1. What value, in deg cm²/dmol to 500, does the helix sum -39500 (n - 2.57) over DSSP H runs of n ≥ 4 give at 222 nm once divided by the residues of the chain?
2. Helix 30-51 versus the longest principal axis of the chain: what angle, 0 to 90°, nearest 10, using Cα atoms?
3. Compute the Kirkwood hydrodynamic radius of the stretch 7-89, taking the inverse of the mean of 1/r over all pairs of distinct Cα atoms, and give it in Å to one decimal.
4. Lone cysteines in the chain, going by a 4.7 Å Cβ-Cβ cut-off?
5. Which distance in nm do the two modelled labels at R2 and V26 give, with both placed 7 Å along the Cα-to-Cβ direction?
6. Which aspartates and glutamates, if any, have their Cα less than 18 Å from the Cα of K43, not counting same-chain residues under 8 positions apart?
7. Once neighbouring chains are kept in place and the probe is 1.4 Å, which whole percent of the accessible area of the stretch 24-95 is contributed by carbon and sulfur?
8. Can you list the lysines whose alpha carbon is less than 20 Å from that of K91, not counting same-chain residues fewer than 8 positions off?
Amino acid sequence: MRERTDVKWSTVVLGGGAQETPPAEVKDDPARLTKWNADRAEKDAETRKSLDNLDVFQVSGCGHDELVACAHPRDGEGVATDRVVCFQGPKRANP
């Protein structure tokens, strides 16, 4: 296992950028399109920020090579430093 500080978890999970396209009536109205894009960018930034708080590791074994994101979970009194939770990312060609 090795830490991958060069990898952002948001990029692993969400990819390089938003794929959603606006409806035709929004696309045809410049003011609505500007607002639509701003709303998506704000939501995307919040999501990426929360995902990028996770530490990314590359793990290998039994013929598998995967990226996982790990963090200390929160409990009623703050961060539980005696526990770690990890999440497996989507399958990918190469890290």
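1. So the calculated ellipticity at 222 nm is -10000 deg cm²/dmol.
2. For helix 30-51, the angle is close to 10 degrees.
3. For the stretch 7-89, the Kirkwood estimate is 15.4 Å.
4. For the chain, the answer is C62, because their Cβ atoms have no other cysteine Cβ under 4.7 Å.
5. Roughly 4.2 nm, to one decimal.
6. Straight-line reach from K43, under 18 Å: E20, D52.
7. Values: 2800 of 5310 Å².
Result for the stretch 24-95: 53 percent of the exposed heavy-atom area is carbon or sulfur.
8. K8
The values are calculated or read from the model by the stated rules, or taken from the named source; none is laboratory data. Owing to the predicted nature of the structure, the values given are computational and were not obtained by experimental measurement. Because the Cβ atoms are built from the backbone with ideal geometry, glycine has one as well, and the counts that use them run over all protein chains shown. Protein only, heavy atoms only, side chains kept; ligands, DNA and RNA dropped before computing areas. Shrake-Rupley method; radii C 1.70, N 1.55, O 1.52, S 1.80 Å.
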